[in-house]
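For reference, the structure discussed in these notes is given below.
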Amino acid sequence: MSTHQLQRETVLIKGLHAQDSHGEVVNPIHLSTTFVRNLDGSYPEGRVYSRASAVAYDEPEALLAHLEGGKEAALFASGMAAATTVLQSLKPGSRVVFPRLMYWALRKWLLHFGSTWQVEVVFYDNADLANLENKLRPKAELLWIETPANPTMEITDIAAAAALGHRYGARVVVDSTVATPVQTKPLELGADLVLHSASKYLNGHSDVIAGALVTGQRDAHWAQLKNIRALSGNILGPFEAWLLARGMKTLFVRVQAASASALWLAQQLARQPQLDVLYAGLPAHPQHEIALRQMRGGFGGLLAILHKGGKEAAIATTNRVRLFKRATSLGAVESLIEHRASVEGVGTFCPDNLIRLSVGLEAKEDLLADLLQAINEENSHA
Ligand code: PLP
């Protein structure tokens, strides 16, 4: 027997639960919601009802666990559903420590949830470990890390932050949506759980809303999370699960290509006097060294630019693009642009001159030309 270990990109294509009873190359979509019981009352595969255990999840969950080097994965109806499931596992009176800059809708939910469920929510500065340690003292139940942070692109040192979290008794969760398992493996760096909005790079085509958790341990807390999913019904449909597994086949090439284009665009845009570029791949980024250490093969396809002309100039730039699509979200084949503060609305921490770019798979020269005409046309009107 060969001992050759397949690379992760190969496993995504080959599959882990490939159905070949008809010689098919593509897996079928399993739709059954219920399963026949044996005469002795048992169930052949232990499955009773697909709210608790769906065949359609077997392949994408196994692939996700493999990608992250985890023990198991669980799919959810959205990234938010995965995140709020973790929060619903907390007891009233828990202290939870979250980054100040993070995905805005979760922050919004957290503030509401914290006050109604009597969970004490404290925020730390994303890249400041001393500040994080102060916030973890004397004890915390949960430490949340989002890196790179959406949309301001701070990098948190996962290994150092996770070690601190564990010192103060916290379970450590990393939202790795932007980095993807291609570029960062948080479980290897000490995290307990990894969260993905699978609506982004994992699916990659702006046609599925899905979320996922991946665990490093099959422990009682993991069983509790799966139980919350089963009982709350926070589940994904079989067709979405199938589309997700299909999208994941091309994850590596998509992420690598988008990241290479994003780095090149960041370098070109940094030469524009009216812009500041936020991207961890640039040596000028304050956490560039950490990103080099914890990210592999690139720094992601998401970047932000700050327009020195202020909010109006930033909005005008987004209104002048012809190729980028003016839409929220990230991680798909098409490039997207947005004036982020307008999307987040009242109470946002996002600077009002920030333009968020999700770089897709178009030719990078076309993307640059589009951005430059949008910026320069604006200058000609200044
Ligand atoms: N985490 C990050 C970093 C995100 O960008 C998003 C969505 O934009 C989410 C979580 C929530 O995911 P979903 O939209 O799938 O609920």
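Within region 47-92, count every residue that is among the small types (G, A, S) and within 16 Å of the ligand (Cβ to nearest atom).
Residues meeting the conditions: 8.
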Does A140 count as at pLDDT 95 or above and either within 16 Å of the ligand (Cβ to nearest atom) or under 14 Å from the mean Cα position of the chain (by Cα) (or both)? no
Residue that is least open to solvent (accessible area, probe 1.4 Å), among those in region 319-352 that are under 17 Å from N150 (Cβ atoms) and β-branched (V, I, T): I337
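Rundown of residues vs (1) among the charged types (D, E, K, R); (2) modelled with pLDDT under 95; (3) open to solvent by 10 Å² or more (accessible area, probe 1.4 Å); (4) under 23 Å from V48 (Cβ atoms), yes/no style:
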{"site": "L189", "(1), (2), (3), (4)": "no, no, yes, no"}
{"site": "S197", "(1), (2), (3), (4)": "no, no, yes, no"}
{"site": "E240", "(1), (2), (3), (4)": "yes, no, yes, yes"}
{"site": "V255", "(1), (2), (3), (4)": "no, no, no, no"}
{"site": "A270", "(1), (2), (3), (4)": "no, no, yes, no"}
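So if I check each of S53, S32, which one is closer than 19 Å to L225 by Cα and in a loop (DSSP other than H, G, I, E, B)? Don't jump to the end; show me each part of the working.
Details: S32 fails: closer than 19 Å to L225 by Cα.
Answer to the check: S53.
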From the list L132, L136, L111, L142, exactly one residue is touching a strand residue (DSSP E or B) at 6+ places or on another chain (Cβ under 7 Å) and open to solvent by 40 Å² or more (accessible area, probe 1.4 Å). Which is it? L111
Members of region 204-223 that are within 15 Å of G70 (Cα to Cα) and among the charged types (D, E, K, R): R218, D219
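The values are calculated or read from the model by the stated rules, or taken from the named source; none is laboratory data. All values reported here derive from a predicted model rather than from experimental measurement. Note: ideal-geometry Cβ built from the backbone for every residue, glycine included; neighbour counts use all protein chains shown. Just the protein is used for accessible areas: all its heavy atoms, side chains included, with ligands, DNA and RNA removed. Shrake-Rupley method; radii C 1.70, N 1.55, O 1.52, S 1.80 Å.
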